[in-house]
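Heads up: the structure comes next, in structure tokens.
Derivation of every value follows stated rules applied to the coordinates shown; laboratory data play no part. Quick caveat: nothing in here was measured; it's all calculated off a predicted structure. Every residue, glycine among them, receives a Cβ derived from its backbone with ideal geometry; neighbour counts consider all protein chains shown.
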Amino acid sequence: MMNSFLPRIRSFTTRTKPREEIGLQVRGYLLFLGLSFFLGAGLFAPLALDAQTLTLEKARTMALSNSRSLAKLNMSIRGSLIDERNQLFSMLPSPSASYSASVDYLEKDSGFVNPADTFNSSLTLSVTQKIFEGGKSFIQREIGKIATESVRKDMLSEYFNVLDSADNAYYAVLEAAATLEAGESSLQAAVLSLAVAEIRQANGMINQGDYLKALADKETRENSRNQTRRTLALNMNKLKTIIGVSENIELEQINFDAYEGLILFLAGISDEDAQSLYERFWGIIVKDNPSFAKAALGKQRAEMNHTLTKRDLAPVISATIFSTGFNYSAARGYSNSLTGGVTLRGTIPIDFWVFSNKLKKSEIALESSNLDYLGAEISMETELQSSLLSVFAQAGSALSSRRSVEYAEKHFEFVMERYRLSQSSVSDVGEATTLLITNQNNLIKARYGFLQSLSKLSSLSAIDEEARLLEILQGK
């Protein structure tokens, strides 16, 4: 836009009007355009929307489908279920088969013989069932169930981690886009201010220092704009990686008006309401948080392993229900023998020193699991407190930043009007512009920081529906 105005500025100096009068006209025209662009561009101008616009919900769905970690955990669950079935099969009757064959090439009385004449073979089939082993098989089966449930909790935890990553990446793109929009507006104001400074310097109305200040301010804002462009590109690439796309995408804007009531409530929340929210979310975490549930499962597993170790001294008794033998020899031909009955076999370990070491090790593992559970509880309490405090702080920051932007806009209008009347300096314009862009960026960070805090709280509480989360935060 600015390049189209510069030739017109220079052409005015060739006319017959006094240079001071011409300069005032140009200054008024340019400052009017700059003020209109800067304040009218909008803090959160929406990205272009079309049929291919990506919504947050769609981004979450694509991120879940693209997650390799979730796919691997799904395979781990399938493997754990197979281990469970193997443990169940070990409790059932165990059929077995054995086969043997032999030939002789030397006999005691007749010396060397034809091996084919001495061929013998046998096949034996039997079924054996464990009768007693101190209940170890049942304990091992329960341990297998806990292992499967533990992997399920890992998968559920990763599910919410993926959602949180998708949310943060989506918000990061929109935040960078909004920051870029504000930076572009700030740059245009600096460009227009520099154009006026050039005219005033040509007319001898300002010194070289003021002109250099306007030039430096323009370069600074251009550099900031370029850095924001880079940040936007990086954030967009990260989002594409998470959702698994390579083509260009456009994001649907967030309607912050929908959060207005919640922000007002949380920004001024009382200590009693904050404590009530903490207790309510803590109850949800204890019940539904997958990481906390996994710590509890780890404690149960350690207890069962300790019980299983103590059963190592129990005798193991098994019975062979029947045995059938099939025999063939070159000399006697084919024969078979069918035997039935029950044969009991028992084994009792007596290596007490090995048992003692295993028992001590299981006791240490049990104590470690208790510490892990306690650590998980403390960690969850800390994360919940941090998440709620972040939500409250970001809500308050969003309100105060919005008021600051309103004041900064009015201050900017005032300074620009005085600058038009040659009553403000280039430094005054730069300071007013900096104040406005700083407060705009603060508002952008506060709004998207609030959304990211909600996402973190949702992940911590294992709540994947935003409507439910907002209801809980509002005390419904």
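Subtracting the Cα-Cα distance of Asp428 and Phe326 from their residue separation scaled by 0.36 nm leaves 26.0 nm. Here region 260-307 is treated as a sphere whose radius is the Kirkwood value from Cα pairs; by Stokes-Einstein at 37 °C and 0.692 mPa s it diffuses with a coefficient of 247 µm²/s.
Assuming charge only on the beta carbon of Lys and Arg (+1) and of Asp and Glu (-1), the dipole of region 199-319 about its Cα centre is about 720 debye to the nearest 20. Here the residues Trp282, Trp353, ranked from fewest to most Cβ neighbours within 10 Å of their Cβ, fall in the order Trp353, Trp282. Subtracting the Cα-Cα distance of Asn207 and Leu234 from their residue separation scaled by 0.36 nm leaves 5.6 nm. Pairwise Cα distances in region 179-278 exceed 15 Å for 76 percent of all pairs. What you get for region 175-235, charging only the Cβ of Lys and Arg (+1) and of Asp and Glu (-1), is a dipole of about 80 debye around the Cα centre.
Going from the fewest other Cβ atoms within 10 Å to the most, the residues Tyr211, Tyr171 appear in the order Tyr211, Tyr171.
Sorting 191-202, 421-432 by average packing, meaning the other beta carbons within 10 Å per residue, from highest down gives 191-202, 421-432. If the segment from Ile77 to Ser137 were pulled out straight at 0.36 nm per residue, it would be longer than the present Cα-Cα gap by 19.5 nm. In summary, the convex hull built on the alpha carbon positions of region 347-476 has an orientation-averaged projected area of 15.3 nm².
Can you work out the base-10 log of I(q)/I(0) for region 139-196 at q = 0.17, 0.25 1/Å, using the Debye formula on its C-alpha atoms alone? Debye curve over Cα of region 139-196, log10 I(q)/I(0) at q = 0.17, 0.25 Å⁻¹: -0.72, -0.92. Using R0 = 30 Å, the C-beta based FRET efficiency linking Glu363 and Glu465 works out to 0.10. Across q = 0.15, 0.28, 0.31 Å⁻¹, region 410-459 modelled as identical point scatterers on its alpha-carbon atoms has Debye log10 I(q)/I(0) values of -0.52, -0.93, -1.02, in the order of the q list. Applying a threshold of 19 Å to the alpha-carbon distances of Lys130/Lys361; Lys153/Lys299; Lys294/Lys476 flags Lys130/Lys361; Lys294/Lys476 as lying beyond it. Model label sites at Glu279 and Ser246, defined 7 Å from Cα along the beta-carbon direction, differ in position by 5.6 nm.
I need the per residue convex hull volume for region 369-441, using only the alpha carbons, in cubic angstrom as a whole number.
Cα convex hull per residue, to the nearest whole number: 74 Å³.
Ordering Ser150, Ser356 by the number of other Cβ atoms within 10 Å of each residue's own Cβ, fewest first, gives Ser356, Ser150.
Across all Cα atoms of region 127-243, the radius of gyration (one decimal) and Dmax (whole number) stand at 31.6, 111 Å.
What the Cβ-Cβ distance of Thr382 and Ile472 gives, at R0 = 25 Å and to the nearest 0.05, is a FRET efficiency of 0.80.
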